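The values are calculated or read from the model by the stated rules, or taken from the named source; none is laboratory data. If you're wondering where the values come from, they're calculated on a predicted model, not measured in any experiment. No Cβ is skipped: glycine too gets one built from the backbone with ideal geometry, and neighbour counts run over all protein chains shown. Keep in mind that these areas ignore ligands, DNA and RNA; they rest on the heavy atoms of the full protein, side chains included. Shrake-Rupley method; radii C 1.70, N 1.55, O 1.52, S 1.80 Å.
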Amino acid sequence: KANAVITIVPYSGVYDGDEHGISGTAVGVETPTPADLNALLNLGDKFTNVPGGAPHWTFAGNDNYNAAEGDSTVTITKADATIVVTPYSVTYDGNAHTAVGTATGAKGEALAGLDLSGTTHTDAGTYNGDAWTFTDVTGNYKDASGTVNDAIAKANAVITIVPYSGVYDG
């Protein structure tokens, strides 16, 4: 029996929510046209999440070719979440105000872990550099942080003047 010419290609990429596995080919030694032996090649497990894994591949062999096997790698690295934080610019009303935001994943899904508490204010003022953070809970996204500029304008007081009218009494 001969050894087939087996080419295994590891996978490496950024998390995208899809399954990924290794790729490969198996061909015979015949010349000038080698036999296509891909049907005898099993490429092993596929992986979706960071960090990936180590699929075990096998080549079944046949009457003319020896069986073979080995291990390869699927490397999946963390992706950047799409984070949008919208600052506020309001007039003082006595209520606490917080910037609004979203963290979105590779498939358009909402992600937990966006903390906007550093953008909360009640009193009038200009708040440049209010901090927000994103801490991924899935393990598939990079943590992130940033700042926004928020503002609460002074309100006009409601002033009521009541005139006095009466007889002089000293």
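A few notes on this one:
- Answer residue from the range 15-62, given it is loosely packed, with under 15 Cβ neighbours inside 10 Å and out of contact with any strand residue (DSSP E or B) (no Cβ under 8 Å at 6 or more places or on another chain) and is nearest to GLU109 (Cα to Cα) among those: GLY17
- Enumerated strands (runs of 3 or more DSSP E) restricted to the range 87-168, each holding at least 3 residues that are touching a Ser or Thr at 6+ places or on another chain (Cβ under 6 Å): 125-134, 144-153
- Scanning the range 132-170 for residues that are under 21 Å from THR91 (Cα atoms), crowded, with 16+ Cβ neighbours inside 10 Å and of a type in the set (D, E, K, R) turns up just one, ASP150.
- Failed criterion for GLY108 (all others in (1) over 30 Å from PRO55 (Cβ atoms); (2) within 28 Å of the chain's Cα centre (by Cα); (3) free of Cβ contacts under 8 Å to residues at least 60 places away in the same chain hold): (1)
- Just one of the listed residues (SER12, SER89) is among the small types (Gly, Ala, Ser), open to solvent by 50 Å² or more (accessible area, probe 1.4 Å), under 30 Å from ALA155 (Cα atoms) and out of contact with any Leu (no Cβ under 9 Å at 6 or more places or on another chain), namely SER89.
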